[in-house]
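Visitor: Encoded as structure tokens, here's the structure I'll be asking about.
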Amino acid sequence: MNYYYSESTKIMSLDDLEKKLYESEKNRNAKAIKDVQEKADAGKRNEAYESPEWKEDEEVLKEKLRGGKIKQAAKWIFALIVAGGIVSGGVFFALRYGSESKGVSVDIQGPSKIARGVPFEVSVQISNDIDTFVKDGSLSVTMTQGLLGADAAEKKNIITEEVGDLGGGSLTRKSVKLFAVGETNSVQKITVKFLFSSGRADYEIEESKEITIGDPAISIDVERPDQVSSGSKFNMKIKYKNISGFDFSDIALEVKYPPEYHFAEASYNPASLNNFWRIGEVKAGSEGSIQITGDLDASEKNSFDFISSAFVSFGNQDHKVAEKTTNVFIAPSPIAVAVKVNESDRANVRPGDKLSYAIQYENKSGISLADVVVEAKLEGGVFDFGTIRSDGTLDSRTNTITWNASRIPALALLSPGAKGEIRFSIALVPTLPVERASDKNFVAKLDVRIDSPSVPYYISGDTTTGFGSVEAKIAGVVTFERKAFHRDTLAQIINAGTLPPKVNKATQYTVHWTVSNYGSDVKNMTVRASLEGGVRWTGVVKSNVGSVPEYNPRTQEITWNLEKTQANRGLFGDPVEAVFQIEAVPNVTDVGSYQRLVGPVTYAGIDDFTGTSFSGRAEGITTFLPDDKTVGRNDGVVVQ
């Protein structure tokens, strides 16, 4: 759009200017015509008032009248000429400015549609069609998120540039480099603002342009077998093609593998790791491919996703412009494998337990399988290999037991439909291998692989393979300790009374309960005990966790509830501990012996990892205080 401005007015559109000129000239013309009419009427009035004193002869009078009419006509003609000139001048002025598009304008030139991933240029043209200088011009270009600018401010998608002063009738052009990264068929917008000054006022012109993002410039296609055999190597070919009209100087490909995939090799060496290739130049219409080879270990899943992506370089960065997900399907295993531990598909066990395994297999391929090999790999670092009982061969480097025809003759040729079972046993280590505070939730895992070089016609691969596995969750270990002190500097509690304890005299003691656990978290643990006769609860109690022991005076029972105890308390950091004070008064029946203070302690809870319950018991406490180093062996014996 064109704009006109002067030193005294702000920006006015051409339409508004023409309208204002038309109204002005219309008013002037009407006033001129009115003036002419009033003068004519005045002349007529003068002719009507003749005085006898001024009467002249008829010929003279007629001559004057003719002269007056000529003058009046001349005046009419002059007025019309003036009015016509004014109107013509206004029209000429409006037509002149309109035809020459006087004003300041901004025009955006660029494509309306662009392929995703293709760099392109947008040109911004600024025209100054007025006779006055445009001062201090500045330009800003803003893009929506689907467009990137090579010189855009970080995370703002804005490009700014100084234009400076523009003389009257001048034109300037600025170009910006952009890159299309938006989703296919999305509509993106470029907004241009031109700010300038007339010297007395500031002005702003804004224009915008929409650009549609087309299909990706790089197409990806993947060739792979209809189905593959688990554990057998297979090939995948990733094909790429530049379907745009742009020559790319730097193309890259990436393939994200599922965790079960084992990369073996590729037709083109990866630039990094084993899944990223720097292709380089790819001209318009050209194509290429990369072939990768590997295998899938599929014990449970039968479908796996491979994600192939194409990247182009812009602004010294790689940008993803195309992506394709390819499913690779695993053929149903021709060898059925089932693995059990302690006669179950899964088990919850404890450190030191013995595990009995059964590996069951069946040939469902429809052909005889020759030279069958069975491998069982023990994982988790929790097995005591010195306790293994098996007729297979153990490789201690890989912790794998192997059976073949030399050990089990039936494996030499497994007929269609044939079944078999292999058994062995091994114990867990008595102590879990906790090395860090975060080590917990240990699992004893057995992975089984059975294969044969005989391959049915309907499977792509070099071996016929079957997989099976089984896990056993290992519960953590909880330990409980109780101690008693008369002199307890660690607890910072002062106990009254003297030792040895005397009949009918009160002596105070502090009791410590500590809980340690490792290997897994513990929840809903409860510790219980009762005070013996002649012993009372003083109410002094504290702990290093959120809960403290509570006392029921009617039952004389002490209860400590622990909602949750984190794994490895006591191995890394202090154990969970509670301290409470009691006061004991011996009677005559206690003379010559240790007075009983607290009865036996019981505790129970739930292992948070396995969900199994546990329980334990600790002996009661007497005035025999082996943990108080200030008290001798006989200092706890009651005296008279």
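The values are calculated or read from the model by the stated rules, or taken from the named source; none is laboratory data. These numbers come from a predicted model, not from an experiment. Every residue, glycine as well, gets a Cβ built from its backbone with ideal geometry; the counts of neighbours run over all protein chains shown.
Visitor: Identify the residue in region 269-315 that is in a loop (DSSP other than H, G, I, E, B) and of a type in the set (S, T, N, Q) and, among all such residues, is nearest to Asp447 (Cα to Cα).
Guide: Step one: of region 269-315, the residues in a loop (DSSP other than H, G, I, E, B) are 269-271, 273-275, 283-286, 297-302, 315.
If we keep only those that are of a type in the set (S, T, N, Q) as well, we get 269, 274-275, 286, 299, 302.
Numbers: Asn269: 32, Asn274: 26, Asn275: 27, Ser286: 46, Ser299: 9, Asn302: 17 Å.
Top of the filtered list is Ser299.
Visitor: Can you name the condition, by its number, that Val321 falls short on among (1) touching a Pro at 6+ places or on another chain (Cβ under 8 Å); (2) within 30 Å of Ile388 (Cβ to Cβ)?
Guide: Failing condition for Val321: (2).
Visitor: Name the residues in region 587-620 that are surrounded by 12 or more Cβ atoms within 10 Å (Cβ to Cβ), in contact (Cβ under 8 Å) with a residue 12 or more places away in the chain, farther than 20 Å from Met525 by Cβ and of a type in the set (Val, Ile, Thr), would you?
Guide: Hit for region 587-620 is Val591, nothing else.
Visitor: I want to confirm something. Restricting to region 495-516 and keeping residues that are polar (S, T, N, Q) and modelled with pLDDT of 95 or more, which single residue is farthest from the chain's Cα centre (by Cα)? Step through it out loud before you land on a result.
Guide: From region 495-516, those polar (S, T, N, Q) are 495, 498, 504, 507-508, 510, 514, 516; that's our starting set.
Add one more test, that the residue is modelled with pLDDT of 95 or more, and what stays is 495, 504, 507-508, 510, 514, 516.
Numbers: Asn495: 58, Asn504: 72, Thr507: 64, Gln508: 60, Thr510: 53, Thr514: 43, Ser516: 38 Å.
Only one residue fits best here, namely Asn504.
Visitor: Would you say Gly280 is among the small types (Gly, Ala, Ser) and in contact (Cβ under 8 Å) with a residue 40 or more places away in the chain?
Guide: Values: among the small types (Gly, Ala, Ser): yes; in contact (Cβ under 8 Å) with a residue 40 or more places away in the chain: no.
For Gly280, the condition - among the small types (Gly, Ala, Ser) and in contact (Cβ under 8 Å) with a residue 40 or more places away in the chain - is not met.
Visitor: I'm trying to understand the selection: among the residues of region 245-268, which are assigned to a strand (DSSP E or B) and among the hydrophobic types (A, V, I, L, M, F, W, C)? Break it down into steps so the answer makes sense when it comes.
Guide: Looking only at region 245-268, we keep the residues that are assigned to a strand (DSSP E or B), and these are 248-256, 261-266.
Scanning region 245-268 gives Phe248, Ile251, Ala252, Leu253, Val255, Phe263, Ala264, Ala266.
Visitor: Moving on. Would you check if there is a residue in region 334-344 being without any contact (Cβ under 8 Å) to a residue 60 or more places away in the chain, in the same structural domain as Leu446 (by TED's automatic domain parsing) and either under 15 Å from Lys301 (Cα atoms) or polar (S, T, N, Q) (or both)?
Guide: So far as region 334-344 goes, yes, one or more of its residues are without any contact (Cβ under 8 Å) to a residue 60 or more places away in the chain, in the same structural domain as Leu446 (by TED's automatic domain parsing) and either under 15 Å from Lys301 (Cα atoms) or polar (S, T, N, Q) (or both).
Visitor: Could you say which residue among Thr402, Thr325, Thr398 is surrounded by fewer than 19 Cβ atoms within 10 Å (Cβ to Cβ), outside any strand (DSSP E or B), β-branched (Val, Ile, Thr) and free of Cβ contacts under 8 Å to residues at least 60 places away in the same chain?
Guide: Answer to the selection: Thr398.
Visitor: Something else now. Search region 237-271 for residues being of a type in the set (A, V, I, L, M) and over 29 Å from the mean Cα position of the chain (by Cα), and hand back the single one that is nearest to Pro216 (Cα to Cα). Step through it out loud before you land on a result.
Guide: The initial filter retains those residues of region 237-271 that are of a type in the set (A, V, I, L, M), namely 238, 243, 251-253, 255, 264, 266, 271.
Next, only the ones that are over 29 Å from the mean Cα position of the chain (by Cα) stay: 243, 264, 266.
Details: Ile243: 8, Ala264: 30, Ala266: 25 Å.
Across region 237-271, the extreme among qualifying residues is Ile243.
Visitor: Which pairs turn up if I take residues in region 249-272 that are closer than 26 Å to Asn316 by Cα and look for partners that are among the hydrophobic types (A, V, I, L, M, F, W, C) and not in a strand (DSSP E or B) with beta carbon separation below 9 Å, at least 6 apart in sequence or on another chain?
Guide: If the second residue must be among the hydrophobic types (A, V, I, L, M, F, W, C) and not in a strand (DSSP E or B), the pairs left are Ala252/Ala271.
Visitor: Give me a count of the residues in region 451-478 that are at pLDDT below 95 and hydrophobic (A, V, I, L, M, F, W, C).
Guide: The qualifying residues number 3.
Visitor: Next question. Of everything in region 546-580 that's at pLDDT 95 or above and of a type in the set (A, V, I, L, M), which residue is surrounded by the fewest Cβ atoms within 10 Å (Cβ to Cβ)?
Guide: Ranking the candidates gives Val548 first.
Visitor: Further question: Just checking, which of Val382, Val374, Val448, Val470 is over 16 Å from Ala336 (Cβ atoms) and either surrounded by 16 or more Cβ atoms within 10 Å (Cβ to Cβ) or among the charged types (D, E, K, R) (or both)?
Guide: Answer to the selection: Val382.
Visitor: Might you let me know whether region 426-443 holds any residue that is surrounded by fewer than 17 Cβ atoms within 10 Å (Cβ to Cβ), in contact with a strand residue (DSSP E or B) (Cβ under 6 Å, 6 or more places away or on another chain), touching a residue at least 24 places away in the same chain (Cβ under 8 Å) and assigned to a strand (DSSP E or B)?
Guide: Checking region 426-443: at least one residue is surrounded by fewer than 17 Cβ atoms within 10 Å (Cβ to Cβ), in contact with a strand residue (DSSP E or B) (Cβ under 6 Å, 6 or more places away or on another chain), touching a residue at least 24 places away in the same chain (Cβ under 8 Å) and assigned to a strand (DSSP E or B).
Visitor: Right, here's the next one. In the list Ser249, Ser244, which residue meets the criterion of being of a type in the set (S, T, N, Q), surrounded by fewer than 16 Cβ atoms within 10 Å (Cβ to Cβ) and not assigned by TED's automatic domain parsing to the domain that holds Gln125? Even if it seems obvious, please write down each step before you answer.
Guide: Values: Ser244 fails: surrounded by fewer than 16 Cβ atoms within 10 Å (Cβ to Cβ).
Sole residue among the options that is of a type in the set (S, T, N, Q), surrounded by fewer than 16 Cβ atoms within 10 Å (Cβ to Cβ) and not assigned by TED's automatic domain parsing to the domain that holds Gln125: Ser249.
Visitor: Do you know which residues across region 125-136 are buried (at least 20 other Cβ atoms within 10 Å of the Cβ) and under 48 Å from the mean Cα position of the chain (by Cα)?
Guide: Of region 125-136, the ones buried (at least 20 other Cβ atoms within 10 Å of the Cβ) are 126, 128, 130, 134.
Across region 125-136, the qualifying residue is only Ile126.
Visitor: Please list, ordered by first then second residue, the pairs with beta carbon atoms under 7 Å, 6 or more apart or interchain, first in region 363-383 and farther than 23 Å from Ser425 by Cβ and outside the structural domain of Ser454 (by TED's automatic domain parsing), second of a type outside the set (Lys, Arg) and in a loop (DSSP other than H, G, I, E, B).
Guide: none
Visitor: Could you run through region 485-507 and say how many residues are surrounded by 18 or more Cβ atoms within 10 Å (Cβ to Cβ) and polar (S, T, N, Q)?
Guide: Of the residues in that region, 2 qualify.
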